[in-house]
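Chemist: Here's a structure for you.
Where a number appears in this text, it was derived from the coordinates with a stated rule and is not lab data. Predicted, not measured: the structure shown is a model, and the values here were computed from it. Methodologically, a virtual Cβ is constructed for each residue, glycine included, from the backbone with ideal geometry; neighbour enumeration extends over all protein chains shown.
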Amino acid sequence: MEETVSGTRPEGARDEHEAAARVQEMFGRIAPRYDLLNHLLSFSLDCVWRRRTAKQFAHILRQPGVRVLDVCCGTGDLAFALCRARSDSGAQILGADFVEPMLTRARAKAQNGGYSAEFMAADALRLPFSDATFDLVTSAFGFRNLANYEEGLREIARVLKPGGSVGILEFSEPGSGLLAVLFRFYFRQVLPCVGGLISGSREAYAYLPASVGKFPSAGELSTLMERCGFAQATFEAWNFGSVLLHWARRT
C-alpha cells in the first residue's frame, strides 16, 4: 500500500521548509485575483460550501462567549460566513494565515463589510496560542497546503478545548459517474489554464489539482484525525464528491 504523503510538496520542494516557503510565495503572488478566481472557477459554489460549513457549526457559534479560530484563513471568506451564522451570540472569531497579502485583503473586507472578525499572521504549524484556547477551529481549502498534515492536526488539537470541534473543508478527488468525469476534466485541464491566464501564475493553478490528487482520502484523513487527539471523525461529501467537509471532536 502506498504511504500517504505527510504534507503538501509543490514541484521542486525538497523538504517541509521549502514546501511552506513555496506555498507562502505562491499564494502571496495570486492574492490580488484570489477572490475573483475562487468565485469564477467554482461558479460561486465556494460561497455555498462555506455557508454550509458555517451552518454545520451554528450550534457552537450561537453559544455565548465561544472563541473560534479559522486557520489558513486566506482572504477571510469562511470567517465572514461564521460571523453571519453566529447570530448575536458575541462569539469571537479570529482568522490566521501566514500569507500577509491575503490578510491585507481579509482586513479590508472585514472593515468594508462591517464584520467583527480579527485577522493575524500565524503559521498553522506553530500557532501563537495557549493550550485549550478555542471552542472551534475551522479551515477552508487551506489545510491541504500545510507542509505536514499530522503536525497541523496536533497543533489544532492543542489549541482546542477538550470537547471542542474542528471542521476542515477541502477538495477531494471526485467519485465515479459522468458528472464526476466531466468535473475531473474541468478541474485538471480547464481550471489551470483559466486560473493561470487571469492570475498570471499558471504554476499556482496547476498546483491546485496536483495537491488535491496527493491529499489523503476521506478515510485516511479520518484515521489521522483520530490518531492526533480527535474522536468521532466523520465527513460529508458535496459536488460529486469533489468537496468534503470533515469534522471531529477533541478528546
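Chemist: What strands (runs of 3 or more DSSP E), lying completely within the range 160-251, carry at least 2 residues that are farther than 22 Å from Glu25 by Cα, among the small types (Gly, Ala, Ser) and touching a strand residue (DSSP E or B) at 6+ places or on another chain (Cβ under 6 Å)?
Modeler: Where strands (runs of 3 or more DSSP E) fall fully within the range 160-251 and carry at least 2 residues being farther than 22 Å from Glu25 by Cα, among the small types (Gly, Ala, Ser) and touching a strand residue (DSSP E or B) at 6+ places or on another chain (Cβ under 6 Å), they are 160-171, 230-238.
Chemist: Just a yes or no: is a residue in the range 37-52 more than 20 Å from Val212 (Cα to Cα) and touching a residue at least 12 places away in the same chain (Cβ under 8 Å)?
Modeler: Looking for residues that are more than 20 Å from Val212 (Cα to Cα) and touching a residue at least 12 places away in the same chain (Cβ under 8 Å), one finds at least one in the range 37-52, hence yes.
Chemist: Report, by residue number, each residue of the range 128-159 that is polar (S, T, N, Q) and touching a strand residue (DSSP E or B) at 6+ places or on another chain (Cβ under 6 Å). Walk me through it before giving the result.
Modeler: Taking the range 128-159 first, the residues polar (S, T, N, Q) are 130, 133, 138-139, 145, 148.
Thr138, Ser139, listed by residue number.
Chemist: Now for a different question. Only one residue in Val181, Val194, Val190, Val212 is within 16 Å of the chain's Cα centre (by Cα) and β-branched (Val, Ile, Thr), so which one is that?
Modeler: Criteria check complete, one pass: Val212.
Chemist: Please count how many residues of the range 119-134 are out of contact with any Gly (no Cβ under 7 Å at 6 or more places or on another chain) and either buried (at least 24 other Cβ atoms within 10 Å of the Cβ) or among the acidic types (Asp, Glu) (or both).
Modeler: Selection size over the range 119-134: 2.
Chemist: If you take just the helices (runs of 4 or more DSSP H) that sit entirely in the range 3-106, which of them hold at least 2 residues that are closer than 15 Å to Ser139 by Cβ?
Modeler: Once the helices (runs of 4 or more DSSP H) in the range 3-106 are filtered for at least 2 residues that are closer than 15 Å to Ser139 by Cβ, what remains is 16-41, 45-56, 77-85.
Chemist: Taking only the range 195-217 into account, find how many residues are hydrophobic (A, V, I, L, M, F, W, C) and in contact with a Gly (Cβ under 9 Å, 6 or more places away or on another chain).
Modeler: 3
Chemist: Sticking with this one: So which residues in the range 10-25 are crowded, with 19+ Cβ neighbours inside 10 Å and either under 23 Å from Ser222 (Cα atoms) or in contact (Cβ under 8 Å) with a residue 24 or more places away in the chain (or both), if there are any at all?
Modeler: Pro10, Ala19, Ala20, Val23
Chemist: Of the residues Val166, Val137, which single one is aliphatic (A, V, I, L, M) and either surrounded by fewer than 17 Cβ atoms within 10 Å (Cβ to Cβ) or touching a His at 6+ places or on another chain (Cβ under 9 Å) (or both)?
Modeler: Step by step, each of Val166, Val137 is checked, and only Val166 is aliphatic (A, V, I, L, M) and either surrounded by fewer than 17 Cβ atoms within 10 Å (Cβ to Cβ) or touching a His at 6+ places or on another chain (Cβ under 9 Å) (or both).
Residues checked against (1) within 16 Å of the chain's Cα centre (by Cα); (2) crowded, with 22+ Cβ neighbours inside 10 Å; (3) within 30 Å of Gly196 (Cα to Cα); (4) of a type in the set (Lys, Arg):
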{"residue": "Asn38", "(1), (2), (3), (4)": "yes, no, yes, no"}
{"residue": "Phe43", "(1), (2), (3), (4)": "no, no, yes, no"}
{"residue": "Val71", "(1), (2), (3), (4)": "yes, yes, yes, no"}
{"residue": "Met102", "(1), (2), (3), (4)": "yes, yes, yes, no"}
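Chemist: Say we look at the range 140-159 and pick out the residues that are in a helix (DSSP H, G or I) and among the small types (Gly, Ala, Ser); which of these is surrounded by the fewest Cβ atoms within 10 Å (Cβ to Cβ)?
Modeler: Among them, the one singled out is Ala157.
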